[in-house]
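Colleague: Here you go, one structure.
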Amino acid sequence: MAELKRYEPHTFATVQDVFDRLFDRSLFGPGPFANGAASPVSRALPSNLWETDEAYVLELAIPGVNPDDIEMTLSKGSLIIKGRYESPETIAGTNIWRNLPEGEFELAYTLPSAVYADDATVSWSNGIFKVHLPKEEKAKSKRLKINVGR
């Protein structure tokens, strides 16, 4: 959340203040880069990754995209996601800012260990994709029994 700062014309901003304002504007809200060359889609999508003994589970938020327009590929230890945001309908008037993503995107998530690509599944509900990636046997956790002996 942005912090309001009182304008004081006779004080100098510290370098820290200048960098804080730059990053607040460019990364966390409308600012000089929102309409520029840096596409908002180039940032990582909101996601969660869990590990169980049997699998990795990735939840990925891609709201506003038809699941038929998403392509997911497992390749060399990475999950590659390609898709396209349709351009929002233009409304007559002057843009103040445009932060809704539009255009094609591609993201790659490196997986912590090998998975069975043939057994991976993907479900979708309300803009959230849930990717279930079963671990290969060599990547699974195994509890070792301690033998007490002489």
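Colleague: Quickly rank 69-79, 116-126 as a protection proxy: mean count of other C-beta atoms within 10 Å, highest first.
Modeller: In decreasing order of mean packing, 69-79, 116-126 become 69-79, 116-126.
Colleague: Using the structure shown, select from Lys82/Lys142; Lys82/Lys130; Lys76/Lys138 the pairs with a Cα to Cα distance greater than 24 angstrom.
Modeller: Cα-Cα > 24 Å for Lys82/Lys142; rest within.
Each reported figure results from applying straightforward, stated rules to the coordinates on display, with no laboratory input. Just so it is clear, the structure is predicted and the values come from calculations on it, not from any experiment. Note: ideal-geometry Cβ built from the backbone for every residue, glycine included; neighbour counts use all protein chains shown.
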